[in-house]
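For reference, the structure discussed in these notes is given below.
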Amino acid sequence: MQKDKLVFDLIDQELERQRNGIELIASENFTSLQVMEAMGTSLTNKYAEGYPGKRYYGGCEIVDQIEQIAIDRVKQVFNCAYANVQPHSGAQANAALMMAILQPGDKILGLDLSMGGHLTHGSPVNFSGKIYKPFFYGVKKETGLIDYEMLEEKARTEKPALIICGASAYSRDIDYARIRKVADEINAFVLCDMAHPAGLIAKGLLSSPFEHCHFVTSTTHKTLRGPRGGIILMKTDFENPFGLKDPKGNIRMMSHLLDMAVFPGTQGGPLEHVIAAKAVAFGELLTDEFTVYITQVQKNAQAMAKAFMAKGYEIISGGTDNHLMLIDLRNKNITGKKAQETLDKAHITLNKNAVPFDDKSPFVTSGIRVGVPAITTRGMKETDMQIVVDFIDEVLMNIDNETIVAKVKEEVKTFMKQFPLYPALK
Ligand SMILES: Cc1ncc(COP(=O)(O)O)c(C=O)c1O
């Protein structure tokens, strides 16, 4: 077979794009080379429906070992009793989790998408809002912080079967104990979807959801810096409350229901090449090197928020505890859409984002979401945050001046040469 020049040329172009730009999308990161290498291997050829030691296909003796390493390592990282590493993505992890513990039509309560929540937490355009009956809590207008009173009130009046915490665009820590307290009052489960801050939680830089939430889901590609994928975790396994028994009449544990909900419930064959890459990434998470990295992520985010505020930008909640911040651009008279599109021309990549109580449509928005995991992987420190903010400010303050935008693009390209990305690749 001839090498597919068309596709591989484009892959080369994407690497160049990543090298030349300042990557500020809060949900992105650059994996290590060995994580990428694990993905591009013969494991992509292997069917392995089932779980280690209990597969529906032959020839699984190697992938069994790999998947077990991924499970053992992630359990060690988060000090928890149960892990399923097969979900193909964060959305798949949430779908399986809900399938395991809910019936169609059950009520769920999550953070509103327009206030920083995620599609899979009950949005009407997502399975979670179509199959289940969603209710939402928000953030307080004055502080930008989660409105726990609203959450408690909705929980008490609607009595959802599941309360979901965790967010895609929320820069503060979460009071898991308070959420669990009201959940216990109404007999609800609590799920923390820690997709965004998981890397900070892994190293104790934010409160741990594990003590208080029955279930924890995550993506593996954001602050965890692994391949694209999902995981489902539990601090402790427990007897399923639905009285489900196996053919011998034994009560099945929650772990069994979760495993069944991933496969065969919502997925077929696991992506063993991705699971191998997860195993490698989880190994990296256990190192001191990762502790240094993720500590720097938090420092960089705080330095960046400070630099933005010094230039009169309004950060929702007035700062950040984690790796990201949400900026309301209304006082600068710029929409999120225009900011994203113009910054893109200067090779600064981020995404437009609704701010709480936004008066603009989700396609336009009043804000941008900025995250530092990727630029921290490239080696940037606090002092570099000021330079990045200066670039962004120069573009935004000259948003219709193509000459200045083009000048910043060249400056960005030169600046990024100091932070090599995958130098071992050509
Ligand atoms: C909180 C949260 N949950 C779930 C997801 C979904 O992850 P994926 O894109 O891997 O399906 C995301 C992705 O941005 C997220 O932010």
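The values are calculated or read from the model by the stated rules, or taken from the named source; none is laboratory data. These numbers were taken from a predicted model, which means no experiment stands behind them. No Cβ is skipped: glycine too gets one built from the backbone with ideal geometry, and neighbour counts run over all protein chains shown.
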* Asked: Of the numbered conditions (1) more than 21 Å from the chain's Cα centre (by Cα); (2) assigned by TED's automatic domain parsing to the domain that holds Phe215; (3) of a type in the set (A, V, I, L, M, F, W, C); (4) at pLDDT 95 or above, Leu258 satisfies every one except a single condition; which is it?
  -> (1)
* To do: Quickly run through the stretch 303-323 and pick out the residues that are within 22 Å of Ser168 (Cβ to Cβ), crowded, with 19+ Cβ neighbours inside 10 Å and more than 18 Å from the chain's Cα centre (by Cα).
  => Met304, Ala305, Phe308, Tyr313, Ile315, Ile316, Ser317
* Structure fact -> Of the residues in the stretch 202-222 that are of a type in the set (Val, Ile, Thr) and touching a Pro at 6+ places or on another chain (Cβ under 7 Å), the one that is nearest to Asn240 (Cα to Cα) is Val216
* To do: Select from the stretch 75-114 the residues that are farther than 27 Å from Arg156 by Cα, away from the ligand (no atom under 14 Å from the Cβ) and not aliphatic (A, V, I, L, M) and list them in ascending order.
  => Lys75, Gln76, Phe78, Asn79, Cys80, Tyr82, Asn84
* To do: Pull up the stretch 19-50, narrow it to residues that are hydroxyl-bearing (Ser, Thr, Tyr) and buried (at least 20 other Cβ atoms within 10 Å of the Cβ), then point me to the one that is farthest from Tyr293 (Cα to Cα).
  => Ser27
* Does the stretch 352-364 hold any residues that are surrounded by fewer than 23 Cβ atoms within 10 Å (Cβ to Cβ) and among the polar types (S, T, N, Q), and which are they? -> Ser361
* Starting from residues that are in a strand (DSSP E or B) and of a type outside the set (Val, Ile, Thr), keep the ones in the stretch 214-237 and report whichever is farthest from the chain's Cα centre (by Cα). => Met234
* Got at least one residue in the stretch 47-66 being in a helix (DSSP H, G or I) and of a type in the set (Gly, Ala, Ser)? -> no
* Top-ranked residue in the stretch 23-46 [being assigned to a loop (DSSP other than H, G, I, E, B) and more than 30 Å from Gly371 (Cα to Cα); ranked as nearest to the chain's Cα centre (by Cα)] -> Thr41
* Structure fact -> Note on the stretch 191-213: residues charged (D, E, K, R) and either under 15 Å from the mean Cα position of the chain (by Cα) or within 18 Å of Arg180 (Cα to Cα) (or both) are Asp193, Glu211
* Do we find a residue being in the same structural domain as Ala96 (by TED's automatic domain parsing), closer than 28 Å to Met36 by Cα and more than 16 Å from the ligand (Cβ to nearest atom) anywhere in the stretch 205-227? -> yes
* Does Ala281 satisfy being of a type in the set (A, V, I, L, M), in contact (Cβ under 8 Å) with a residue 24 or more places away in the chain and more than 30 Å from Asn322 (Cα to Cα)? -> no
* Structure fact -> Those residues of the stretch 153-167 which are within 15 Å of the ligand (Cβ to nearest atom) and either surrounded by fewer than 24 Cβ atoms within 10 Å (Cβ to Cβ) or within 22 Å of Gly204 (Cβ to Cβ) (or both) amount to Cys165, Gly166, Ala167
* Structure fact -> Wholly inside the stretch 264-365, helices (runs of 4 or more DSSP H) that include 3 or more residues that are modelled with pLDDT of 95 or more and out of contact with any helix residue (DSSP H, G or I) (no Cβ under 6 Å at 6 or more places or on another chain) are 288-310, 336-345
* To do: Could you tell me which of the residues Pro247, Pro197 is within 11 Å of the ligand (Cβ to nearest atom), farther than 19 Å from Ala96 by Cβ and assigned by TED's automatic domain parsing to the domain that holds Glu153?
  => Pro197
